[in-house]
Amino acid sequence: MAQINITNVSKIYAGGVEAVKSVSLDIADGEFIVLVGPSGCGKSTLLRMVAGLEAISKGTVEIGDRVINDIEPAERDIAMVFQNYALYPHMTVYNNLAYGLKNRGTPKAEIDARVAEAARMLEIEPYLTRKPRALSGGQRQRVAMGRAIVRKPAAFLFDEPLSNLDAKLRVTMRGEIKQLQKRLGTTSLYVTHDQLEAMTLADRLVVLNGGQIEQIGRPLDVYHTPASTFVASFIGSPAMNLLRATREGSRLHFGSQVLESDRLSALPTELTIGIRAEDLRVARAGEQSLTMKVDYIEELGAQRLVHGMLDGKKLTAALSPEIELSDTIALTIAPSRLHFFDVTTGKRLAQIVDGAVGKREDTGALEMAGG
Amino acid sequence: MTHAPLSSPTPAAPFPSGAGGLFRRFKARPSEDTSAKRVQFNSPLLPYLFLAPQMAIIFIFFYWPSVQAIQSSFYLEDPFGFGSSFVGLANYTDVLKSNEYLGIARFTAVFTALVTFFSLSIGLLLAVKADGVIRGNAAYKTLLIWVYAIAPPVAGLMGMMMFDQHIGPLVKFAGLFGWEMKVGLNYNDTAFAMIVVSVWKQIPYNFIFFLSGLQGIPVSVREAAIMDCRSGLRRFWTVILPLLAPTAFFLLIINTTYALFDTFGVIDVIVKDKAANNPITLVYKVYMDGFRGNDLGGSSAQSVILMIIVFVLTIFQFRFIERRVHYN
Ligand SMILES: Nc1ncnc2c1ncn2[C@@H]1O[C@H](COP(=O)(O)OP(=O)(O)OP(=O)(O)O)[C@@H](O)[C@H]1O
Ligand SMILES: [Mg+2]
């Protein structure tokens with residue numbers, strides 16, 4: 001067990017592609033870090049540099065107190081779980097688990113004990129004598145996990161380990177990985193492009209964009225205070241609504257529609273406004289509101305996603321299924337729940353708090369049920 | 001299982017699966033058959049009609065001569081073509097009692113073992129080295145594939161020229177160390193040249209199959225091994241080679257057959273007209289006795305013996321070696 005310190009790490013591939021640009025990240029001992037971002041943003045590259053499967057072009061990576069830039073992958077005291085499992089097809093499950101230990105000269109009795117323990121934890125005991133091709137995808141995934149666990153490494157590295165599984169199994173395995181990591185307390189670095197997986201697994205999230213860190217933070221912090229429009233649209237489902245608006249005094253103009261609040265004065269006149277779908281609610285009579293023309297509806301059971309147009313721009317609202325719908329609905333939002341971003345850089349502007357409408361903590365759902 | 005055209009830039013997948021598929025069919029796995037396309041014929045005779053030309057060729061050029069060989073191995077043919085007389089197993093006992101024949105058999109065994117071993121191991125070594133360089137580089141790959149298309153005849157010719165008594169660079173090179181190489185005159189020198197040229201000629205073939213086999217090993221499995229095992233050599237023995245086993249087994253059979261039969265041309269060029277004290281293999285002996293010595297009965301008996309050897313060898317390879325092969 002150890003902390004990992006990534007300092008100003010860059011990766012420049014042959015041909016000049018800079019896949020990772022001066023990334024710094026300190027991972028505490030036992031922490032579960034999830035790297036998340038769209039395809040091609042450099043997540044795997046960063047992970048593989050820590051693993052030693054790619055050379056580090058610039059910067060240093062420390063595991064424990066060792067700089068591991070020039071240390072062989074097998075000597076870095078890490079274990080990796082691959083997307084397609086990468087099990088040795090010619091070895092039995094037992095040998096797949098034991099292989100790394102054998103190569104390190106672990107005594108036979110110790111190997112037996114560790115394999116037995118991992119097999120019990122992952123419930124793969126019945127398959128120990130089978131070859132990987134005689135296992136289902138989920139079972140292979142467990143074996144791949146087992147291969148990492150038996151090594152008792154300082155850190156686990158995961159590169160999208162669940163993306164080959166069906167949706168249901170993915171949810172189960174996600175839970176198991178989380179529990180296992182908590183039980184073992186092993187520092188983990190986990191790569192995914194699935195924001196839901198990232199939210200549920202991470203102690204801290206690292207959102208990557210174009211090889212750079214866009215934001216680091218606890219999942220809920222990232223969700224509630226996204227540092228940029230990129231993070232805002234990437235984290236959370238449905239994606240946060242982003243609308244251009246202009247401010248005149250205490251009034252926000254969305255095209256022809258207007259929201260008013262007395263706390264807007266510090267903001268620039270041109271802005272991007274972020275609105276979470278679940279922060280919108282149906283306006284009560286006499287409340288200020290935005291009128292949405294309804295296009296179509298997605299029923300999610302507990303929620304209903306209403307997609308429509310607000311003055312020619314797309315808007316999605318998550319409403320309670322009990323609310324009656326018509327062609328247009330009047331929606332409102334607590335001004336404290338608006339997110340403001342710079343129009344050109346996309347960076348977050350200071351959050352405003354409007355005590356008159358309600359504190360941040362109480363959710364719109366309550367009010368919606370009442371209205 | 002179709003083979004990719006030679007010009008294909010990525011033969012990686014088709015080759016090994018072709019090799020694997022070939023042997024899987026021997027095992028008659030049902031899953032293989034269900035995946036194949038099923039065609040319904042209107043007339044039950046039609047499929048046999050389609051098969052007929054192939055069957056005819058196999059029958060005329062393979063089974064019929066075999067039957068004839070077996071038959072004439074029991075007869076003593078008059079050298080001048082005036083009939084023949086039944087002699088039972090006499091041809092066989094003559095052959096098996098002959099010291100000359102047993103000597104040739106011994107040489108053939110050594111020759112086959114050495115040619116197979118060296119052409120396989122050198123081919124593998126080159127493929128492993130090339131694989132390290134061309135991983136993901138299509139241009140290199142295409143260049144190396146060309147070797148396959150042009151090599152065997154040209155390589156054979158080049159190999160032969162290496163040992164030319166007057167201009168052969170290998171002969172001159174050996175001379176530098178005081179080794180006066182006399183290919184065609186000295187038994188050991190001739191054997192040496194035969195083996196070197198035969199190996200030389202077969203390397204490109206093995207190289208290309210091993211290379212495709214190596215490229216067929218998933219990158220992530222190699223990477224997992226890199227994280228599990230520090231020593232590259234150990235990784236090769238414990239992960240790469242076992243995964244290459246289907247290719248290697250296929251090549252083992254091909255190379256044994258090559259060394260036994262297809263080296264005829266090499267031997268013929270090297271010992272031509274001066275067979276007297278030179279090493280030859282069993283196949284060449286069959287030819288010499290039958291066509292030069294006009295001893296059809298003895299020659300037939302020898303070819304039947306050869307058939308039995310190949311038969312036994314193949315059964316042995318499938319029973320004892322293939323069992324250790326992991327097909328993916
Ligand atoms: N060997 C390579 N040579 C050149 N460029 C590469 C190489 N490997 C990756 N890249 C580039 O580096 C960038 C980052 O790749 P990387 O595999 O890290 O993305 P990723 O975030 O893991 O994406 P995904 O979610 O699709 O797996 C990509 O633009 C990719 O094209
Ligand atoms: Mg990736």
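Screening B:LEU185, B:LEU251, B:LEU233, B:LEU241 for residues that are under 19 Å from B:PHE107 (Cα atoms), among the hydrophobic types (A, V, I, L, M, F, W, C) and either assigned to a helix (DSSP H, G or I) or out of contact with any strand residue (DSSP E or B) (no Cβ under 8 Å at 6 or more places or on another chain) (or both) leaves exactly one candidate, B:LEU185. Return yes when A:ALA86 is small (Gly, Ala, Ser) and within 14 Å of chain B (Cβ to nearest Cβ) and no when it is not. Against the criterion (small (Gly, Ala, Ser) and within 14 Å of chain B (Cβ to nearest Cβ)), A:ALA86 qualifies.
Looking at region A:16-72 only, could you name the residues that are open to solvent by 30 Å² or more (accessible area, probe 1.4 Å), away from ligand 1 (no atom under 15 Å from the Cβ), within 14 Å of another protein chain (Cβ to nearest Cβ) and of a type in the set (A, V, I, L, M)? Once the filter is applied, which keeps residues that are open to solvent by 30 Å² or more (accessible area, probe 1.4 Å), away from ligand 1 (no atom under 15 Å from the Cβ), within 14 Å of another protein chain (Cβ to nearest Cβ) and of a type in the set (A, V, I, L, M), region A:16-72 yields only A:ILE71. The test for being away from every other protein chain (no Cβ under 14 Å) and either more than 16 Å from ligand 1 (Cβ to nearest atom) or surrounded by 22 or more Cβ atoms within 10 Å (Cβ to Cβ) (or both) does not hold for A:GLY105.
Which residues, taken from region B:122-139, are surrounded by 13 or more Cβ atoms within 10 Å (Cβ to Cβ) and outside any loop (DSSP other than H, G, I, E, B)?
Filtering region B:122-139 for residues surrounded by 13 or more Cβ atoms within 10 Å (Cβ to Cβ) gives B:122-128, B:130-131, B:134-135.
B:ILE122, B:GLY123, B:LEU124, B:LEU125, B:LEU126, B:ALA127, B:VAL128, B:ALA130, B:ASP131, B:ILE134, listed by residue number.
Only one of A:SER256, A:SER250, A:SER237, A:SER228 is of a type in the set (Ser, Thr, Tyr) and crowded, with 16+ Cβ neighbours inside 10 Å; which?
Working: A:SER256 fails: crowded, with 16+ Cβ neighbours inside 10 Å; A:SER250 fails: crowded, with 16+ Cβ neighbours inside 10 Å; A:SER237 fails: crowded, with 16+ Cβ neighbours inside 10 Å.
Result: A:SER228 is the single residue among A:SER256, A:SER250, A:SER237, A:SER228 that is of a type in the set (Ser, Thr, Tyr) and crowded, with 16+ Cβ neighbours inside 10 Å.
Among the residues of region B:210-241, the ones that are open to solvent by 10 Å² or more (accessible area, probe 1.4 Å) and away from chain A (no Cβ under 14 Å) come to 1 in all.
Look through A:TYR94, A:TYR127 and report the one residue that is more than 14 Å from every other protein chain (Cβ to nearest Cβ) and modelled with pLDDT of 95 or more. Explain how you work it out, then say what you get.
Working: A:TYR127 fails: modelled with pLDDT of 95 or more.
None of the others qualify; the one that does is A:TYR94.
Confirm whether A:LEU135 is away from every other protein chain (no Cβ under 13 Å), within 16 Å of ligand 2 (Cβ to nearest atom) and at pLDDT below 95. Talk me through it step by step, then tell me what you get.
On the way: away from every other protein chain (no Cβ under 13 Å): yes; within 16 Å of ligand 2 (Cβ to nearest atom): no; at pLDDT below 95: yes.
Taking the combined requirement at face value, the residue does not satisfy it.
Within region A:69-98, the set of residues being charged (D, E, K, R) and assigned to a helix (DSSP H, G or I) comprises just one member, A:GLU75. Examine region A:241-251 for a residue that is closer than 30 Å to A:SER10 by Cα and touching a Phe, Trp or Tyr at 6+ places or on another chain (Cβ under 9 Å), and state whether such a residue exists. Looking for residues that are closer than 30 Å to A:SER10 by Cα and touching a Phe, Trp or Tyr at 6+ places or on another chain (Cβ under 9 Å), one finds none in region A:241-251, hence no.
The values are calculated or read from the model by the stated rules, or taken from the named source; none is laboratory data. Computed from a predicted structure; not experimentally measured. Note that each Cβ is placed from the backbone with ideal geometry, even for glycine, and that neighbours are counted across all protein chains shown. Protein only, heavy atoms only, side chains kept; ligands, DNA and RNA dropped before computing areas. Shrake-Rupley method; radii C 1.70, N 1.55, O 1.52, S 1.80 Å.
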